[in-house]
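Visitor: Provided herewith is a single structure, encoded as structure tokens, for subsequent inquiry.
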Amino acid sequence: MKKTHKIIYWIATIWLALGMTSTGIVQLMKLKEEADMMAHLGYPVYFLTIIGVWKILGVLAILMPKFPLLKEWAYAGFFFTMSGAVFSHIALGDSPKEFFGPVLLLVLIVLSWYFRPAERRTISVT
């Protein structure tokens, strides 16, 4: 693996982990702003608990060594969650400011997934 790829991977992965952990914690705390946003998007408030738990478990999966298939599932779950958030905001006509966070996390998900080392992949690509 090239050194630049490794640097890109770790920068993207650390920022992704921080973003998912912080939003997961906020969702588990069910802060008023988060509950209001879920209501605005038309989702039940209990989704905050589900999404918060899965985000934190996903962060653990992408950071721990080995278990490449579990990492693929975590990346997929992150992608589905964040793309769903973006499309939910767009469907309601929200301004780009409202879905900037999920778009940024989507970019980090793709970068982290694309630049991950061979030992973190399900199939080694040479």
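Visitor: Name the residue, out of L48, L106, L63, whose mean-square fluctuation peaks in a Gaussian network model built on the chain with Cα pairs under 10 Å.
Guide: In this elastic network of the chain, the residue with the biggest mean-square fluctuation among L48, L106, L63 is L63.
Visitor: Hey, another quick one. Could you pull out the trypsin sites (Lys or Arg not before Pro) across the stretch 30-59 that fall in loop regions by DSSP (anything but H, G, I, E, B) with no more than 15 other Cβ atoms inside 10 Å?
Guide: Hits after loop and neighbour filter: K30.
Visitor: Over what distance in Å are the Cα centres of the stretch 57-90 and the stretch 1-34 separated?
Guide: Comparing the Cα centres of the stretch 57-90 and the stretch 1-34, I get a distance of 11 Å.
Visitor: Compute the length gained on full extension between W15 and A91: take 0.36 nm times their separation in residues and subtract their Cα-Cα distance, giving the result in nm to one decimal.
Guide: Gain on stretching W15 to A91: 24.6 nm.
Visitor: Calculate the spin-label point distance for T49 paired with K6, positioning each point 7 Å from the Cα along the beta-carbon direction, and give it in nanometres.
Guide: Simple spin-label model gives 4.3 nm for this pair.
Visitor: Here's something else I'd like to know. Place a point 7 Å from the Cα of H40 along the Cα-to-Cβ direction; which residues of the stretch 64-105 have their backbone N under 20 Å from it?
Guide: 81-105
Visitor: Name the helices (complete DSSP H segments) of the chain with a Cα length along the long axis of 30 Å or more and a Kyte-Doolittle mean of at least 0.0, or state none.
Guide: Within the chain the helices that satisfy the rule are 3-29, 68-91.
Visitor: A further question follows. Multiplying the sequence separation of K66 and V110 by 0.36 nm and subtracting their Cα-Cα distance, what value in nm do you get?
Guide: Working it through step by step, the gained length comes to 13.9 nm.
Bear in mind these aren't lab numbers, they're just calculated from the coordinates by the rules spelled out. As the structure is a computational prediction, the values presented were derived from the model and not from experiment. Reconstructed Cβ throughout: ideal geometry from the backbone, glycine too, with neighbour counts over all protein chains shown.
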